[in-house]
Amino acid sequence: MFVHTLTVRFRDLDALNHVNNAVYLTYLEEARLAFSAEMGVDWSRFQEHGFVIARCEIDYRHPAVLGDVLRIELTVGEIGRSAFEFRYRVVRASDDRLIAEARTVQVCFDFLHNRPARVPEAWRIALARHQCHDSQPSPCLAGA
C-alpha cells in the first residue's frame, strides 16, 4: 500500500464548511501522481508512455473539515493489457475515520499516435508490488 498525506485547506471547503465533493478528485490525483513518481513514471516521456483516467468513482462516508490530516491509501487492483485500477481509502489520521473510498481506471496511452498502449513492463512490475487481490474484478477492465 502506498500512502499520501495531506491537510485539508480552506480553499477545499464548500458553503457547509466541509470538503466539497469535487475536491476529492484532486486528492486522488495528488496521491496518484505521488505514487506514479515512486513507480518510476518518466514525466519527460509521458507523451510516449502516459495514461488517461477512463473511470472514477467515489463513495463518500464522512465529511472532512478544515485542518483534518488525511491519509490517501492507494493500492493497485486489476492490471490488464492496457489498463490498471487504483483503489483508494481516504482516512482521517487523528481517529482513523473512513472519509471516502474510491477507484480509478487508468488506460495507458500513446499520445503521439492517439491510441491506447500496453502497460509498460517496468510499470507492470512496479504496480504488482502494490497489488491487492481481495476485491471484485472491475468491469471496466474487461478486455483492457
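No value in this document is a laboratory result; all are computed from the given coordinates. In this text, all values refer to a predicted model and were calculated from it rather than measured experimentally. Quick reminder, even Gly has a Cβ in these numbers, built from the backbone with ideal geometry, and neighbours come from all protein chains shown.
Could you state the principal axis extents of the C-alpha atoms in segment 32-84, from the largest down, to the nearest angstrom?
Principal extents (Cα only, largest first): 39, 22, 16 Å.
Using the charge dipole of segment 2-135 (Lys, Arg: +1 at Cβ; Asp, Glu: -1 at Cβ; taken about the Cα centre), state which of Ser36, Ala102, Pro116 has its Cα farthest towards the positive end.
Value computed over the given set: Pro116.
Once both labels are modelled 7 Å past Cα along the beta-carbon direction, what's the Asp42-Asn21 spacing in nm?
If labels sit at Asp42 and Asn21, their model points lie 4.1 nm apart.
Only Cα pairs under 8 Å and at least 6 apart count here; give the relative contact order of segment 2-135 as a rounded whole percent.
28
Would you kindly compute the Cα radius of gyration of segment 2-135 and its largest Cα-Cα separation (Dmax), both in Å?
15.6, 47
Given the options Leu98, Leu127, Leu74, which has the most mean-square fluctuation in a GNM of the chain, springs set between C-alpha atoms less than 10 angstrom apart?
Leu98
About the Cα centre of the chain, what is the dipole size in debye to 20, counting +1 per Lys and Arg Cβ and -1 per Asp and Glu Cβ, all else neutral?
The dipole magnitude comes to about 180 debye.
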